[in-house]
Amino acid sequence: SGILMEMSTGTVLFEKDADTARPPASVTKIMTMLLIFDALENGTISLDDEVSTSEYAASMGGSQVFLEPGEMQTVGTLLKCISVASANDACVTMSECICGNEQEFVKQMNARAKGLGMKHTNFVNCNGLDADGHEMSARDIALMSRELMTKYPQIKDYCTVWMENITHVTAKGSSEFGLSNTNKLLKMANNFEVTGLKTGSTAKAGYCFCGTAVKDGLSLIAVVMDAPDYKIRFSEAQQLLNYGFANCSAYRDDHPPVLLPMAIKDGKTESVELMYDGQFSYVALRGENLENIHSKLQLDESLSPPFEAGTKAGRLIYYLDDMEIGEVPIVTKERIQKAGFSDYLEKVYRNFMSICG
């Protein structure tokens, strides 16, 4: 299975068997890292918090950094162990830190997946070790990767580390342990910048990879599942990314027209502030000249109160040459109530005073 997705819009540029659910191996950890960053954002944890490793977490097989029961590591270090070395023991340690136990954390993983529209995903654990019913599709992997990379771009600072040491401090003393990045695309000859993201391989899953890269402002996500060996998963991802960068380009309007207040009749106030409900972006797949993109502001003639904040007041329409390619809604910033008798008296008084003054 495979898919190539443009990151800013979610436009799919290529897909093959992208909705078949397969064992994802350690690519699972993208969702684990997403929940860790969610917890960092909402203040549940901080990067400097020290976390204790349980006996259960330390017992994980497969890829690990050999944490010992009772060993303390910071959230930042554990996040690096997950993103760089694909450490199963670090994943379980963080799941217990955030939710108390791995089972509750997995429930949150599945809930997050549902919220992202991941229709062919079921998590059984937080690290991707082979388990009955633990599966994802290539499209779902791209969706969660897009969420992680766009919402928390600082993940790049972790998953692009090539080699780094961590320090184990246990009852046996202090020792250094080397982390080595499993994403070999970072060191392959590329005409683009690799920004992530995650490898995975087990007996059931084969060799899987989600690679992210950027070139000339265009960011792409390439997913490969069930490749026959580790070299092919990277070469296939590299080919997908090369195809994307060679055949598409992206446009984003960072400077839309300034919106003036809209006049209101019969409202408690005489005007309302407007704002854009989103930002326009467009992916060209056929070599179109993006310099020919232009926009046209279309506002409603008037709004009748009462109305809530977020009420649609118009749209900014985008065209490529003469073809409409999208729009951004224009909405009100605030709630406006209908004017009452006292409001009209106040307006009359203000007008009278301005004339007399």
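The values are calculated or read from the model by the stated rules, or taken from the named source; none is laboratory data. Source: prediction; values computed, not measured. Glycine gets a Cβ as well: all are built from the backbone with ideal geometry, and neighbour counts include every protein chain shown. Just the protein is used for accessible areas: all its heavy atoms, side chains included, with ligands, DNA and RNA removed. Shrake-Rupley method; radii C 1.70, N 1.55, O 1.52, S 1.80 Å.
Only helices enter the 222 nm calculation for the chain: every DSSP H run of n ≥ 4 contributes -39,500 (n - 2.57), and dividing by all residues gives -9000 deg cm²/dmol, rounded to 500. Along the stretch 30-41 the Karplus relation, 6.51 cos²θ - 1.76 cosθ + 1.60 evaluated at θ = phi - 60°, assigns HN-Hα couplings of 4, 5, 4, 5, 4, 5, 5, 5, 4, 5, 5, 5 Hz to successive residues, with x for each Gly and Pro. Net charge in the neighbourhood of L259 (other residues with Cβ under 10 Å of its Cβ; Lys, Arg +1, Asp, Glu -1) is 0. Solvent exposure of the stretch 220-349, expressed per residue, is 59 Å² of accessible area, with all protein chains present and a 1.4 angstrom probe. The D48 and D229 beta-carbon pair, evaluated with R₀ = 35 Å, returns a calculated FRET efficiency of approximately 0.30.
The percentage of C-alpha pairs in the stretch 142-217 whose separation is greater than 22 Å is 38%. On the accessible surface of the chain, probed at 1.4 Å, how many percent belong to carbon and sulfur atoms? C and S fraction of accessible area: 50 percent. Of all the options H255, H294, H168, the one that moves most in a Gaussian network model of the chain with Cα springs shorter than 10 angstrom is H255. For A263 and N101, the FRET efficiency from 1/(1 + (r/R0)^6), where r spans their Cβ atoms and R0 equals 51 Å, is about 0.30. Stretched out fully, how many nm does the piece from Q337 to M163 gain, at 0.36 nm a residue minus the Cα gap? The Q337-M163 span can extend by a further 56.6 nm.
Only lysines eight or more places from K296 in sequence, or on another chain, were considered; those with a Cα closer than 23 Å are K312, K333. Remark: the stretch 250-302 projects, on average over all directions, an area of 4.7 nm² (convex hull of Cα atoms).
Gyration tensor over the Cα atoms of the chain: the corresponding equivalent ellipsoid has semi-axes (square roots of 5 times the eigenvalues, largest first) of 48, 28, 17 Å. At full extension, D321 and A246 could sit 24.7 nm farther apart than now, given 0.36 nm per residue minus the alpha carbon distance. Highest GNM mean-square fluctuation among G128, G115, G76, for the chain modelled with Cα contacts below 10 Å: G115. Counting only lysines at least 8 places from K80 when in the same chain, those with an alpha carbon closer than 20 Å to its own are K29, K151, K156, K184, K187, K198.
Each of E270 and S59 was given a label point 7 Å from its Cα along the Cα-to-Cβ line. The distance between the two points is 7.5 nm. Measuring how big the stretch 283-332 is from its alpha-carbon positions, Rg and Dmax come out at 14.5, 47 Å. The phi torsions of the stretch 2-11, fed into the Karplus equation with coefficients 6.51, -1.76 and 1.60 and a -60° offset, translate into couplings of x, 7, 10, 10, 7, 6, 5, 10, x, 5 Hz, rounded to whole numbers, with Gly and Pro shown as x.
Just checking the listed ones, N242, N292, N101: in the Gaussian network model of the chain with Cα springs under 10 Å, the one fluctuating most is N292.
The candidates E324, E301, arranged from most to least accessible area with a 1.4 Å probe in the full protein assembly, appear as E301, E324.
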